[in-house]
Amino acid sequence: MRKTLSLGFLFVANLAGFAQTDMPKPAYDFSLPREDRIKLAESAAPPEVSGKATVYLLDPKGYVKVRDGSNGFSCFVDRQTPWNSEPTCFDAEGTATTLPTRLFVEEERGKGKTESEIQAEVSVGYKSGKFKAPGKPGIVYMMSDGASLLIENKIVHIPPHLMFYAPYATDKDLGSPPPALNMPRLIRSGQPDAYYIVIPAKVEHEGH
């Protein structure tokens, strides 16, 4: 079952659109206590990273900075769609480049704009230079056990994983590898914020 869900996540996570009928309840719960929502954001990375990161809290009207960090990382709960819940920690490069687009998206959702309108504005922002693609390699921690995506009108739990910036990359750049858990995959193909995804194997210790 884990393998099936993982592969489904890899292939469908980059959703260009979604049906508007019979939608499930969003995975992110705005009614949770503030501290629980902050902990969810921090769960994206090891405590040694998230404990020193800037943290943003997701509220109905957008993100609110609740802590300034000291290591250049930023932790928050990302949402590729309004139904998702994706604890994420960007490194310094992602904080400087991609994070502003995520803050913008949630602010526009808070104003009641449609996903199509927001996607069009983001696209224009990249073309105008308002938003910038990462300029060097970097890492995005998404190691939380509490991440969920909207997949085929269902909320699906996704495995902890790591992402690496790959601006404008396509599957061809990866050599179009076969679908498998031990293969890297690509989301947001051809976009400024495209990423390679790697799902680390579970570490097993003999004798423990």
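Collect the residues in segment 98-125 that are open to solvent by 40 Å² or more (accessible area, probe 1.4 Å) and either closer than 15 Å to SER74 by Cβ or in a helix (DSSP H, G or I) (or both), keeping them in residue-number order.
Once the filter is applied, which keeps residues that are open to solvent by 40 Å² or more (accessible area, probe 1.4 Å) and either closer than 15 Å to SER74 by Cβ or in a helix (DSSP H, G or I) (or both), segment 98-125 yields PRO100, LEU103, GLU107, SER116, GLU117, GLN119, ALA120, GLU121, SER123, VAL124.
Between a residue in segment 164-179 that is more than 13 Å from ILE197 (Cα to Cα) and any residue that is modelled with pLDDT under 90, which pairs come within a Cβ distance under 9 Å, given they are 6 or more apart or on different chains?
If the second residue must be modelled with pLDDT under 90, no pairs are left.
Collect the residues in segment 126-141 that are surrounded by 19 or more Cβ atoms within 10 Å (Cβ to Cβ) and farther than 17 Å from ASN71 by Cα, keeping them in residue-number order.
Once the filter is applied, which keeps residues that are surrounded by 19 or more Cβ atoms within 10 Å (Cβ to Cβ) and farther than 17 Å from ASN71 by Cα, segment 126-141 yields PHE131, PRO134.
Looking at segment 117-163 only, could you name the residues that are without any contact (Cβ under 8 Å) to a residue 60 or more places away in the chain, of a type in the set (A, V, I, L, M) and within 19 Å of ALA53 (Cα to Cα)?
Of everything in segment 117-163, those that are without any contact (Cβ under 8 Å) to a residue 60 or more places away in the chain, of a type in the set (A, V, I, L, M) and within 19 Å of ALA53 (Cα to Cα) turn out to be ILE139, VAL140, LEU162, MET163.
State all residues of segment 155-203 that are under 29 Å from ASP29 (Cα atoms), basic (Lys, Arg) and open to solvent by 60 Å² or more (accessible area, probe 1.4 Å); if no residue qualifies, say none.
Selection gives LYS202 alone.
Go through segment 60-86 residue by residue and tally those that are surrounded by fewer than 15 Cβ atoms within 10 Å (Cβ to Cβ), out of contact with any Leu (no Cβ under 6 Å at 6 or more places or on another chain), under 17 Å from GLU107 (Cβ atoms) and free of Cβ contacts under 8 Å to residues at least 40 places away in the same chain.
1
Out of the residues in segment 36-51 that are open to solvent by 40 Å² or more (accessible area, probe 1.4 Å) and part of a loop (DSSP other than H, G, I, E, B), which is farthest from VAL66 (Cα to Cα)?
PRO46
Would you please name the residue that is least open to solvent (accessible area, probe 1.4 Å), looking only at residues in segment 87-97 that are in contact with a strand residue (DSSP E or B) (Cβ under 7 Å, 6 or more places away or on another chain) and among the polar types (S, T, N, Q)?
The qualifying residue least open to solvent (accessible area, probe 1.4 Å) is THR88.
For the condition out of contact with any helix residue (DSSP H, G or I) (no Cβ under 8 Å at 6 or more places or on another chain), more than 26 Å from TYR196 (Cβ to Cβ) and either polar (S, T, N, Q) or modelled with pLDDT of 95 or more (or both), what is the one hit in GLU107, GLU86?
Checking each option against the conditions leaves just GLU107.
So ALA169 ticks every box in (1) within 22 Å of PRO87 (Cα to Cα); (2) more than 13 Å from the chain's Cα centre (by Cα); (3) aliphatic (A, V, I, L, M) but one. Which box is left unticked?
Against the list (1) within 22 Å of PRO87 (Cα to Cα); (2) more than 13 Å from the chain's Cα centre (by Cα); (3) aliphatic (A, V, I, L, M), ALA169 comes up short only on (1).
Considering every residue within segment 24-35, establish whether at least one is open to solvent by 50 Å² or more (accessible area, probe 1.4 Å), farther than 22 Å from MET143 by Cα and either at pLDDT below 95 or touching a Phe, Trp or Tyr at 6+ places or on another chain (Cβ under 7 Å) (or both).
The answer is yes; a qualifying residue exists.
The values are calculated or read from the model by the stated rules, or taken from the named source; none is laboratory data. These figures come from a predicted structure and were not determined experimentally. Because the Cβ atoms are built from the backbone with ideal geometry, glycine has one as well, and the counts that use them run over all protein chains shown. Keep in mind that these areas ignore ligands, DNA and RNA; they rest on the heavy atoms of the full protein, side chains included. Shrake-Rupley method; radii C 1.70, N 1.55, O 1.52, S 1.80 Å.
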